[in-house]
Amino acid sequence: NETCLDIVFGVGPSDLYAQINSEEQSVTLTWIYNDINISDQISGYKIYEALEDDSMVLISEIESTQIISAVLDGYGDGLFCLTAYDIYNNETDPICTQASEFSNFNFVLTDGSNLISFPYLSNDDSTIDTILSPIIEYVDGVIGEGIAAYYNPAIGWNGTISNLERRKGYWIKLDLDDAESTLILSVSGIPTDPNTIYNLHDGANLVSYIGISPTLLSDAIPDDIEPFFEAVIGQGVAASPDPSLGWVGSLDSLRIGSGYWLKINPNIEYLSVGG
């Protein structure tokens with residue numbers, strides 16, 4: 001960059017969201033920056049408030065590229081913008097978003113299969129095409145319980161999944177260039193009602209988790225229905241109930257944004273569980 005001091009290399013941040021926290025009288029910003037490693041000269045971020053006359057007022061500066069969120073105390077409804085700046089104080093083009101009471105969740109995805117669920121979804125558009133569009137070039141496919149969809153660049157999505165649902169868990173299969181790298185997927189929407197009822201059948205059910213995170217498995221599953229469970233399986237972890245010891249295994253807590261297989265006793269045809 002020393003030969004062109006007025007140019008910022010690479011694309012700047014994306015997927016900026018601003019959530020209003022009415023009780024705390026603040027706004028929480030979140031964003032992603034997939035090109036952050038394209039240059040070692042990026043120094044941090046600048047946050048602006050956009051005014052009605054189309055001017056922008058600098059309200060915060062973050063001297064780090066590792067931070068991807070910020071809380072703006074004393075702010076409410078408004079239009080907020082974000083740039084990244086380099087060691088020469090050049091800035092990327094601003095991205096702006098209107099603050100809303102939507103919630104935002106950032107998934108940190110790895111190469112291969114990721115078992116996730118969606119705690120926040122838009123009531124207007126929860127299509128697989130919209131939600132996964134920011135990372136579509138890396139997606140091999142999406143697999144749910146008895147359903148699947150695969151992406152073909154020529155014809156788009158093909159399969160039995162058209163919309164992503166709040167109660168369900170999904171395997172998201174990614175093909176990244178580096179097996180050790182990660183990718184951030186940011187999804188914004190309305191929080192799922194924590195009183196949601198899950199209707200479970202005998203055998204394996206692939207479901208979401210929408211409660212307080214993390215919650216001990218022994219607290220998340222009521223004692224009166226615990227005997228109906230044979231196992232709870234997450235990504236690389238599992239636990240099963242023991243009459244004497246309680247839940248045993250490598251899975252101790254449920255976490256929002258993760259998906260889980262709930263294995264129900266085959267003698268139980270139907271079971272309803274509150275969220």
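The values are calculated or read from the model by the stated rules, or taken from the named source; none is laboratory data. Please read all numbers here as calculations on a predicted model, not as lab measurements. Glycine also receives a Cβ, built like all others from the backbone with ideal geometry; neighbour counts cover every protein chain displayed. Ligands, DNA and RNA are excluded from the accessible area calculation, which covers all protein heavy atoms including side chains. Shrake-Rupley method; radii C 1.70, N 1.55, O 1.52, S 1.80 Å.
From the residues in the stretch 64-81 that are open to solvent by 40 Å² or more (accessible area, probe 1.4 Å) and among the small types (Gly, Ala, Ser), which one is modelled with the lowest pLDDT? Checked the stretch 64-81; the qualifying residue modelled with the lowest pLDDT is 69. When the stretch 92-105 is filtered for residues that are in a strand (DSSP E or B) and open to solvent by less than 50 Å² (accessible area, probe 1.4 Å), the ones remaining, listed by number, are 95, 97, 100, 103, 104, 105.
Number of residues in the stretch 194-213 that are of a type outside the set (Gly, Ala, Ser), within 17 Å of the chain's Cα centre (by Cα) and surrounded by 15 or more Cβ atoms within 10 Å (Cβ to Cβ) equals 3.
Tell me whether the stretch 107-122 contains one or more residues that are more than 18 Å from residue 30 (Cα to Cα), modelled with pLDDT under 95 and open to solvent by less than 10 Å² (accessible area, probe 1.4 Å). There is no residue in the stretch 107-122 that is more than 18 Å from residue 30 (Cα to Cα), modelled with pLDDT under 95 and open to solvent by less than 10 Å² (accessible area, probe 1.4 Å). Is it true that some residue in the stretch 44-63 is open to solvent by less than 70 Å² (accessible area, probe 1.4 Å), in contact with a Ser or Thr (Cβ under 6 Å, 6 or more places away or on another chain) and free of Cβ contacts under 8 Å to residues at least 40 places away in the same chain? Scanning the stretch 44-63 turns up at least one residue that is open to solvent by less than 70 Å² (accessible area, probe 1.4 Å), in contact with a Ser or Thr (Cβ under 6 Å, 6 or more places away or on another chain) and free of Cβ contacts under 8 Å to residues at least 40 places away in the same chain.
What do you reckon, is residue 146 surrounded by fewer than 19 Cβ atoms within 10 Å (Cβ to Cβ) and modelled with pLDDT of 95 or more? Yes.
Considering (1) open to solvent by 20 Å² or more (accessible area, probe 1.4 Å); (2) of a type outside the set (Val, Ile, Thr); (3) within 19 Å of residue 126 (Cβ to Cβ), say which one residue 181 fails and leave the rest. All conditions pass for residue 181, except number (3). Flag: residue 170 does not match the condition of being open to solvent by 80 Å² or more (accessible area, probe 1.4 Å), among the aromatic types (Phe, Trp, Tyr), under 24 Å from residue 34 (Cβ atoms) and in contact with a strand residue (DSSP E or B) (Cβ under 9 Å, 6 or more places away or on another chain).
Here the condition is being at pLDDT below 95, open to solvent by 30 Å² or more (accessible area, probe 1.4 Å) and within 25 Å of the chain's Cα centre (by Cα); of 241, 191, 227, it holds for 191 alone.
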